[in-house]
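First the structure, in the form of structure tokens, and then the observations on it.
The values are calculated or read from the model by the stated rules, or taken from the named source; none is laboratory data. Note that the structure is a prediction, hence the values are computed from the model and not measured. Note that we place each Cβ from the backbone using ideal geometry, even for glycine, and neighbour counts take in every protein chain shown.
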Amino acid sequence: MIKALIFDCFGVLYWDDLNRIYNLVGEDNFQALNDLIHAFDHGYIASQDFLAQIAALAGVDAAEVAKAMQDKQSPNQALMDRLVELRQTYKVGLLSNMGSDTLDSVFSEQQRRDMFDDVLISSEVGLIKPSRDLYELALERLGAAADETVFIDDRMANVEGAAVLGMHTILFTSNRQFEVEFGRIVEQSRA
């Protein structure tokens, strides 16, 4: 049974440009988006074509895609609001690789109290993800076993590190994808 969730900050609770693009196009178009990114990164298509094709996938205009790509970090407010709801049922932790002065610039003290049971920042303990010791400390501070915990991150290496300990994991790409995978994990843990 799932008792705890551990969220990464950047790329999950704070959008980066790639997260916003995935969210714009929707899960059904992820492969097509990946193909476009690959073609663009290799120089096979020009910027304007890249934006136009993403816009067509998303059903929006190219200016909206360009704006999403220009904003480097912004709050994923829908997911933050969801954390407040999830905290009524589960223990919720934040585990992020960040400098000590960064936390105050992304979460107010009130937000931390509302969203998290524990906040564990790499710079405070001298460990970074995907350190096994850092994951074990996060679990200990939440009072949860690995098999009772879902770890959510946008980086494969961090997700793989958590999986080695036996945590359920979600490689985050969008809010909708998180909800689908989280629902599946919860159902499987009840079986």
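Hey, any hits in the range 134-151 for a residue that's under 24 Å from Asp16 (Cα atoms), touching a Lys or Arg at 6+ places or on another chain (Cβ under 8 Å) and modelled with pLDDT under 95?
For the range 134-151, residues under 24 Å from Asp16 (Cα atoms), touching a Lys or Arg at 6+ places or on another chain (Cβ under 8 Å) and modelled with pLDDT under 95: absent.
Which members of the range 162-185 meet the condition of being of a type in the set (Gly, Ala, Ser), at pLDDT 95 or above and outside any helix (DSSP H, G or I)?
Gly166
Which of (1) surrounded by fewer than 19 Cβ atoms within 10 Å (Cβ to Cβ); (2) over 22 Å from Arg87 (Cβ atoms) is the odd one out, the single condition Gly183 does not satisfy?
(2)
Conditions: (1) within 16 Å of the chain's Cα centre (by Cα); (2) surrounded by fewer than 16 Cβ atoms within 10 Å (Cβ to Cβ). Arg113 meets all but one. Number of the miss?
(1)
Would you check if Asp101 is at negative phi, in a helix (DSSP H, G or I) and acidic (Asp, Glu)?
So Asp101 fails the test.
State all residues of the range 17-61 that are part of a loop (DSSP other than H, G, I, E, B) and either without any contact (Cβ under 8 Å) to a residue 40 or more places away in the chain or in the same structural domain as Ala78 (by TED's automatic domain parsing) (or both); if no residue qualifies, say none.
His42, Gly43, Tyr44, Ile45, Ala46, Gly59, Val60, Asp61
Restricting the search to the range 128-178, which residues are within 16 Å of the chain's Cα centre (by Cα) and of a type in the set (Gly, Ala, Ser)?
Once the filter is applied, which keeps residues that are within 16 Å of the chain's Cα centre (by Cα) and of a type in the set (Gly, Ala, Ser), the range 128-178 yields Ala157, Gly161, Ala162, Ala163, Ser174.
Hey, does the range 3-16 have a residue that's aliphatic (A, V, I, L, M) and assigned to a helix (DSSP H, G or I)?
No: zero hits.
In the range 113-161, what count of residues is obtained for those that are out of contact with any Gly (no Cβ under 8 Å at 6 or more places or on another chain), part of a helix (DSSP H, G or I), touching a residue at least 12 places away in the same chain (Cβ under 8 Å) and under 23 Å from Asn76 (Cα atoms)?
Number of matching residues: 7.
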